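First comes the structure, then the notes that go with it.
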Amino acid sequence: MKKLMAANWKMYKLAGEAGETAAALRARLDGKLPADREVLVIPPFTALGTTGQALAGAAGFALGAQNFYPSKQGAFTGEIAPDMLLDAGCAYALAGHSERRHILGEDDAMVGRKVGFGLAAGLAMILCVGEKIEERQAGQVEAVLARQLAAGLAEVPADVSPDKLAVAYEPVWAIGTGLTAGPAEVADAHKVVREHLIERFGPQTGAAVRILYGGSVKLGNAGELLGIDNVDGVLVGGASLEAESFSAIVTA
Ligand code: PEP
């Protein structure tokens, strides 16, 4: 399975700028994308068109969405449906990002609904999990991950294809703070996630579902993080906004 190198552009970039960054990323990686790497760009909704156009036909690149509402269509003002994202060229979507959990009030049950609904609609889903600093200090990392994984994967069919599901371990205290979890902390948390996946989906699928690390990933730490057991990719926020820094991370 290729390592998944994901760029989360959050609420940054107007459509034109996003298209330019995606085109610059493509130009930098053209012919240089390692065979074991897949690049995923996750722009704001309004930039899906320009980003998708810039990446169209580029081998090893995919487009993703940051969020959706788990319904086919309907009277949900301000929301967007998985079918609309597929129509815009998205192959992937995030669910349970810490900013949605802790700023926008999304609970475990809603995250689980999104993962199940997105998969059924045809999107590959990336379930984000991770503890807050006070939970880590209280020795609750394993318990928090177990709770978020159980709820987040509750509606995933037992026979899910491993290329349709990924988990991103993102300690909340490391997102956008410049703090990165140390190698031992990352290895321990990813082992907990791997064991949960194997218990939930069996040894074959459980071993093949990719587990990404996210939290202040940059060029200086990407190589080391990618060398840790059970780290099958990275989810990058701040350092993915510039083509120069993200392309260097992709090839780290
Ligand atoms: C993220 O957006 O998921 C993230 C990890 O952000 P940053 O890399 O800026 O910490």
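The values are calculated or read from the model by the stated rules, or taken from the named source; none is laboratory data. Bear in mind that the values here come from a model prediction, so they are computed numbers and not experimental data. Virtual Cβ from ideal backbone geometry, glycine too; neighbours counted across all protein chains shown. Side chains included, ligands, DNA and RNA excluded: accessible areas come from the protein's heavy atoms. Shrake-Rupley method; radii C 1.70, N 1.55, O 1.52, S 1.80 Å.
Listing for the model above:
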item	result
Candidates T77, T180, T205, ranked by Gaussian network fluctuation over the chain, Cα under 10 Å, top entry	T77
For the range 151-164, Karplus couplings with θ = phi - 60° (6.51, -1.76, 1.60), whole Hz, Gly/Pro x	6, x, 9, 4, 9, 8, x, 4, 9, 4, 6, x, 7, 9
Residue-normalised accessible area of the chain, given per residue in Å² at a 1.4 Å probe	43 Å²
Positive minus negative residues near A222 (Lys, Arg vs Asp, Glu; Cβ under 12 Å)	+2
Within the chain, helix-based [θ] at 222 nm, where runs of 4 or more DSSP H residues each add -39,500 (n - 2.57), nearest 500	-12000 deg cm²/dmol
Share of carbon and sulfur in the accessible heavy-atom surface of the range 3-250 [1.4 Å probe, %]	54 percent
Two-site label geometry, A208 and F76: point separation in nm, points 7 Å out along Cα→Cβ	3.0 nm
Sparse-neighbourhood loop sites, trypsin sites (Lys or Arg not before Pro) in the range 15-91 - DSSP loop, at most 14 other Cβ within 10 angstrom	K32, K72
Modelled FRET efficiency - R0 41 Å, D107 with A59, Cβ distances, 0.05 increments	0.60
Cα-projected label distance for A158 with E142, points at 7 Å along beta-carbon direction, nm	2.6 nm
E224-D83 pseudo-label distance in nm [points 7 Å out on the Cα-to-Cβ vector]	4.9 nm
Mean separation of Cα contacts under 8 Å, 6 or more apart, over the residue count of the range 27-170: relative contact order %	20 percent
Cut-off under 5 Å, modelled amide H: who pairs with A124 long-range	Y92, A93
Lysine pairs meeting the criterion (Cα under 18 Å, 8 or more apart or interchain), as found in the chain	9
Integer Hz, Karplus 6.51/-1.76/1.60 couplings in order for the range 235-250, x for Gly and Pro	10, 10, x, x, 6, 9, 6, 10, 4, 4, 6, 6, 5, 5, 5, 4
Phi-based couplings in Hz for the range 87-101 (Karplus 6.51, -1.76, 1.60; Gly and Pro marked x)	4, 8, x, 6, 9, 10, 8, 8, 9, x, 4, 4, 5, 6, 5
